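I have placed the structure first, in the form of structure tokens, so that the comments after it can refer back to it.
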Amino acid sequence: MTAINTHGTGIQIEDTAANLPVRNRRPAPSAQPAGPTLAGAYALAGEHIKVAGIITGWQGSGEMTRGSIVAALESAGMPSSDAPRAKSAKRCASMAISACTTAQDGVTGDRRGSWSIGRKVAGDVGESLGQITVTVRLREDDTLAIAGDEILGVQISTEYARRLHGEVLSATEITHWFTDLVRSRFSAVSFGGVWFVPSASVTAYQSLRGALQAAGYGSQWLPGLTVHTEESLAVGLRDGLSAEVATLAREVAQARRVARDGGRGDIGPRAAHSWLEQVEALAGRIESFGYLVGAGHVLGLHTDLHQIRRDLADLTSDTALRGIHLELR
């Protein structure tokens, strides 16, 4: 149990989600709509910010279908693309195709997530011939690209969506997803067993929190205690951001170690680009919180990030892009 005291009010959060590891890192901000700009909001207030944000927390509990999570996102005014990735989109697609075809249809597929469906037709000499009528390909974002017979294509697409939305996620899986979203979408920082959500993101966070709570996820919710800028908050944010930098450094080192152990020498240029995008996203978060944690602390965090950036930039194959990454900070 972690206790935190803000302005004389004691808050106790038990087994909070902030302590769980983050899984399945989301794409860099370039691949999704940008969140609130903290720097702009705080710059207007200068050094005399009266309300910094809220302290919140919860305990993960309850199962939800992927469809109910999508509904919660939409009711909070957020895109359905923010929903957790399907646990087995390929399996859902395969089952949808099986449900929409018969024994008279010839279905072939590969391990990459592509299928061809052939409807049998009569040949000129009375012989049954296979004719490809529909092709299905699973995209990286778990959507289907379907070409060919429109009626069968719609049937497969509808059945796939039903199975995808019907996937049941455990409390642990939902918590991993939600903590990642709270950090990436709402610019929140975890420290002391709870989360700090900056004022610019409070309304959006509270909308989604309420929708998820109404749908049955979570318990012991801390609705949100308003906090003001003070040294203890600055220290907590600094420690939380430092932990994020350290975690990213460990994950990069682990990925490179796995590559070396696998005989590949190191991670490839594509993986390096992906990690660099995460470095820049974290650098942006740190810059945004500079108004709260102080320029000196921000400089130290940027120094740590720059070392990770330099190591990764050396692994990229694009000279121009490598130069851009190194000049960003």
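A compact table of results
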item: Linear extension gain, A99 paired with A295, 0.36 nm per residue minus alpha-carbon span; result: 64.6 nm
item: Net lengthening on full extension, S170/S219 (0.36 nm per residue, minus Cα-Cα); result: 16.2 nm
item: Among 260-266, 235-241, the order from most to least packed when residues are scored by Cβ within 10 Å on average; result: 235-241, 260-266
item: R139/Q59 FRET efficiency (R0 56 Å; Cβ-Cβ; nearest 0.05); result: 0.95
item: Theoretical FRET efficiency, 1/(1+(r/R0)^6), r = Cβ-Cβ of R257 and D304, R0 25 Å, to 0.05; result: 0.85
item: Stretchable slack from V107 to K87, in nm (0.36 nm times residue separation minus alpha-carbon distance); result: 4.9 nm
item: Highest average packing first - 99-109, 298-308, 170-180, Cβ atoms within 10 Å; result: 170-180, 298-308, 99-109
item: For segment 77-82, Karplus couplings with θ = phi - 60° (6.51, -1.76, 1.60), whole Hz, Gly/Pro x; result: x, 10, x, 5, 5, 7
item: Residue exposure sequence - V279, V168, V252 - by fewest surrounding Cβ within 10 Å; result: V168, V252, V279
item: Whether segment 51-121 is rounded, prolate or oblate, judged on the alpha carbon gyration tensor where a/c under 1.5 counts as rounded; result: prolate
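Read the figures in this text as sums done on the coordinates, not as results from a lab. Since we're looking at a predicted model, the values are computed, not measured. Counting neighbours? That spans all protein chains shown, and the Cβs are built from the backbone with ideal geometry, glycine included.
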